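The values are calculated or read from the model by the stated rules, or taken from the named source; none is laboratory data. Source: prediction; values computed, not measured. Because the Cβ atoms are built from the backbone with ideal geometry, glycine has one as well, and the counts that use them run over all protein chains shown. Just the protein is used for accessible areas: all its heavy atoms, side chains included, with ligands, DNA and RNA removed. Shrake-Rupley method; radii C 1.70, N 1.55, O 1.52, S 1.80 Å.
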Amino acid sequence: MKRLLMPAAIHVVAALPVDAALSIAGRFGADVLVKLYRAGTDDQAVDPMSWGLSGHASREDVSLDDVARARAVLETRIAASAGAAHGTRLEVDPEPIGSWRELGMAARISDLSIVSREALAGNAVSVMEQLLFMSGRPMLVSPGGWDRPVGEVVAIAWNRSSETARLIGLAINLLRGAREVWVIALDDWYVEGPDGPAVTAYLRDTGVNARLHQVARSRGEFGDRILHEASRLGADLLLKGAYTQSRITQVFFGGATRDILHEAGLPVMFAH
């Protein structure tokens, strides 16, 4: 990982997950690029080439003064961060985001996008959907106020899906650098595919210090149970394949991805 992307609404730059970004960037000597937009000014239009509604924010709504103020806020945050010692370069792009589609394309040439709901303001759904479905890259969601290292103890929510397998491949260098990697396998939550022991053995063969954490059937939503087990294991990062079910199913009936997006108290990396 050499290039990380952090989008933010201009009026809540102070809520950017700087500590999480610097923790990951410091492991790989990566640079972090902040892309700005002004929340609440986007028009919605039907785009036949996308998933439906597409937001657009005018570039003129973000001025050079806005960019300068954002830089000043971030410099203060970096100076106060434990990760600042890594010497990672964190830059604010002088070219603001002109549309959500543009954000998805920018993420295609980044190794990882890092967001927090607080820094996305009211545009969280639009931004995260672009990063998940239009970038082809993983996205990390960090809870507000997270100031611990990220990626020392990693939990993988293994449901045997292609989405989770793809995320493992995208994050393999991060997994190899982790002190511990736990494969969380719930006995009653999976699709057809290799089981927990199989993926744990694969990870060990590729140089990951992986261990299996098999969990018996129990009551409760799958997302809540995964978060509970990750917390018990002391994880500072959870890997979760996004939307193994269709998004329509998730909207009407819920699902682990949606629950984890809303409830996670630790950084979570997603890929679709």
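If Lys and Arg each add +1 and Asp and Glu each add -1, what is the summed charge of the other residues whose beta carbon sits under 9 Å from the beta carbon of Val153?
So the environment of Val153 carries a net charge of -2.
Please arrange Leu238, Leu261 by accessible surface area, largest first, computed with a 1.4 Å probe and ligands excluded.
Leu261, Leu238
Starting from the 7 Å offset along Cα-to-Cβ, what nm value, one decimal, do you get for the label separation of Arg211 and Arg69?
4.9 nm
Over the heavy atoms of Tyr202, what accessible area does a 1.4 Å probe trace out, to the nearest 10 Å²?
That residue has around 120 Å² of solvent-accessible surface.
What is the P(r) of the range 130-272, as percent of Cα-Cα pairs per 5 Å bin from 0?
2, 10, 21, 26, 23, 13, 5, 1, 0
Give the distance, in whole Å, between the Cα centre of the range 218-244 and the Cα centre of the range 142-211.
About 11 Å separates the Cα centre of the range 218-244 from the one of the range 142-211.
Around Ile78, with a cut-off of 14 angstrom between Cβ atoms, what is the net charge of the other residues, counting Lys and Arg +1 and Asp and Glu -1?
Charge balance near Ile78 sits at -2.
By how many nm would the segment from Ser162 to Asp93 grow when fully extended, if each residue of separation counts as 0.36 nm and the alpha-carbon distance is taken off?
That works out to 21.4 nm of additional length.
Give, in whole angstrom and from largest to smallest, the semi-axes √(5λ) of the equivalent ellipsoid of the range 143-204, with λ running over the eigenvalues of the Cα gyration tensor.
Working: eigenvalues 97, 38, 23 Å².
Rounded to whole Å, the semi-axes are 22, 14, 11.
So what's the net charge close to Glu229: Lys and Arg +1, Asp and Glu -1, counting the other residues with Cβ under 15 Å from its Cβ?
Details: positive: Arg211, Arg217, Arg219, Arg225, Arg232, Lys240; negative: Glu180, Asp187, Asp188, Glu221, Asp224, Asp236, Asp259, Glu263.
Neighbourhood net charge equals -2.
If you roll a 1.4 Å probe over the heavy atoms of the protein chains, what accessible area per residue do you get for the range 134-200, in Å²?
38 Å²
In vacuum, with every alpha carbon of the range 82-208 counted as one equal point scatterer, what does the Debye formula give for log10 I(q)/I(0) at q = 0.12 Å⁻¹? Two decimals, please.
Summing over Cα pairs of the range 82-208 leads to -0.58.
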